[in-house]
């Protein structure tokens, strides 16, 4: 298959490579955006653990079901979706896959906030996991195209800071928000 055919499918290094005129600045910009996405994905993953009490109370569910929401619903589908998504990363436009993944996990994260039952929250957590599964394979592939081998470790280390920062922010900022909302109490919105 020739280079133009590959490029039209978005499966070559040329698709993910920064424009020649942008060089290193564009590559670091891309790492910054991907790191921000990774940070947000970890906030989405971790924030649920701060809401165990309210979720158990509002949905009247057991600790076992909370464990299923935090573990099985997310992790199993995040892990298993990563395999076919990895194949898509090899054959499709990776930037588009990141955008679609962020959109999917954002919609399902919003769905978590309106879930009225264990099963609706379980399905929403599956959607979050599937959406987030697009990020790592796409980011690894893009970053490896943007940086030469001798700079790749530094770029990947910056990307991985998103996980640590996201986890920290989920607990620090999330705890503060949960505490503030607990003090406010129940707020009924005039919807429908």
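The values are calculated or read from the model by the stated rules, or taken from the named source; none is laboratory data. What you see is a predicted model, and the numbers here were worked out from it, not measured in a lab. For neighbour counting, all protein chains shown are included, and Cβ atoms are generated from backbone atoms with ideal geometry for every residue, glycine included.
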For the condition in contact (Cβ under 8 Å) with a residue 24 or more places away in the chain, surrounded by 20 or more Cβ atoms within 10 Å (Cβ to Cβ) and within 19 Å of residue 70 (Cβ to Cβ), what is the one hit in 162, 175, 129?
129
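Please enumerate the residues belonging to the range 141-159 that are free of Cβ contacts under 8 Å to residues at least 24 places away in the same chain and within 17 Å of the chain's Cα centre (by Cα).
Restricting attention to the range 141-159, the residues satisfying the condition of being free of Cβ contacts under 8 Å to residues at least 24 places away in the same chain are 144, 148-154, 156-157.
Result: 156, single match.
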Six or more apart or on different chains, Cβ under 9 Å: which pairs go from a residue in the range 87-110 that's on the phi > 0 side of the Ramachandran plot and in contact (Cβ under 8 Å) with a residue 24 or more places away in the chain to one that's buried (at least 16 other Cβ atoms within 10 Å of the Cβ) and part of a loop (DSSP other than H, G, I, E, B)? Could you list them?
none
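Pick out the one residue from 166, 116 that is more than 18 Å from residue 99 (Cα to Cα) and over 14 Å from the mean Cα position of the chain (by Cα). If you could, list the steps in order and put the result at the bottom.
On the way: 166 fails: over 14 Å from the mean Cα position of the chain (by Cα).
So the residue among 166, 116 that is more than 18 Å from residue 99 (Cα to Cα) and over 14 Å from the mean Cα position of the chain (by Cα) is 116.
What residue, among those in the range 10-27 that are in a helix (DSSP H, G or I) and buried (at least 18 other Cβ atoms within 10 Å of the Cβ), is modelled with the lowest pLDDT?
Of all residues in the range 10-27, those in a helix (DSSP H, G or I) come to 13-16, 23-27.
Pick out the ones that are also buried (at least 18 other Cβ atoms within 10 Å of the Cβ) and you get 15-16, 27.
Details: 15: 52, 16: 49, 27: 94.
Looking at the filtered set, the residue picked out is 16.
Yes/no matrix, rows are residues, columns are (1) in contact with a helix residue (DSSP H, G or I) (Cβ under 6 Å, 6 or more places away or on another chain); (2) crowded, with 18+ Cβ neighbours inside 10 Å; (3) farther than 19 Å from residue 38 by Cβ:
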site: 64; (1), (2), (3): no, no, yes
site: 80; (1), (2), (3): no, no, yes
site: 83; (1), (2), (3): no, no, yes
site: 100; (1), (2), (3): no, no, no
site: 109; (1), (2), (3): yes, yes, no
site: 114; (1), (2), (3): no, no, yes
site: 118; (1), (2), (3): yes, yes, yes
